[in-house]
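Visitor: Can you read through this structure? Questions will come right after.
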Amino acid sequence: MEPQYSKLQAVGKGSFGTVWLVQARNGERLILKEVSLRGLPAHERKATKHEVEILRRLQHPNIVAYRDSFVDQSADKLCILMEHCRGGDLAGLIKRRRSARQRFTEEEVRSLGGHHCA
């Protein structure tokens, strides 16, 4: 991991790798997605890097913002830094509401179209 980011806690894990809450030197909290490149054929590595380039170019109020990416050569991992959304993602919000058997109000649904990351 590059020294300008300190891992604070793991916030997710999947078949692709681990997602961490990190803190940058300037105090900003970000999300770091680590994607293992170990064993990926060259064409899949290229496709993965192309996807990161697309993320970098996307700028929309309803898409979590890309901040940076780098390859951790020592661990053979692609690291993608994104803005941190304290409230989680839409899937998590829906899951919490479903568990609590609470429906969204019409006004809440309209407001979900805006970007709510801090």
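Visitor: Got a sec? Which of ARG29, ARG97 is under 22 Å from SER111 (Cβ atoms), out of contact with any Gly (no Cβ under 8 Å at 6 or more places or on another chain), of a type in the set (D, E, K, R) and surrounded by 13 or more Cβ atoms within 10 Å (Cβ to Cβ)?
Guide: ARG97 is the lone residue from the list that is under 22 Å from SER111 (Cβ atoms), out of contact with any Gly (no Cβ under 8 Å at 6 or more places or on another chain), of a type in the set (D, E, K, R) and surrounded by 13 or more Cβ atoms within 10 Å (Cβ to Cβ).
Visitor: Tally time: how many residues in the stretch 67-94 are open to solvent by 60 Å² or more (accessible area, probe 1.4 Å), modelled with pLDDT under 90 and not in a helix (DSSP H, G or I)?
Guide: So the answer is 4.
Visitor: Inspect all residues belonging to the stretch 11-32 and state whether any of them is part of a loop (DSSP other than H, G, I, E, B) and in contact with a helix residue (DSSP H, G or I) (Cβ under 8 Å, 6 or more places away or on another chain).
Guide: Within the stretch 11-32, none of the residues are part of a loop (DSSP other than H, G, I, E, B) and in contact with a helix residue (DSSP H, G or I) (Cβ under 8 Å, 6 or more places away or on another chain).
Visitor: Looking only at the stretch 43-69, which residues are farther than 19 Å from ALA24 by Cβ and either hydrophobic (A, V, I, L, M, F, W, C) or in contact with a helix residue (DSSP H, G or I) (Cβ under 9 Å, 6 or more places away or on another chain) (or both)?
Guide: ALA47, ILE54, LEU58, ILE63
The values are calculated or read from the model by the stated rules, or taken from the named source; none is laboratory data. All values reported here derive from a predicted model rather than from experimental measurement. Glycine also receives a Cβ, built like all others from the backbone with ideal geometry; neighbour counts cover every protein chain displayed. To get the accessible areas, we keep the full protein, side chains included, count just its heavy atoms, and leave off ligands, DNA and RNA. Shrake-Rupley method; radii C 1.70, N 1.55, O 1.52, S 1.80 Å.
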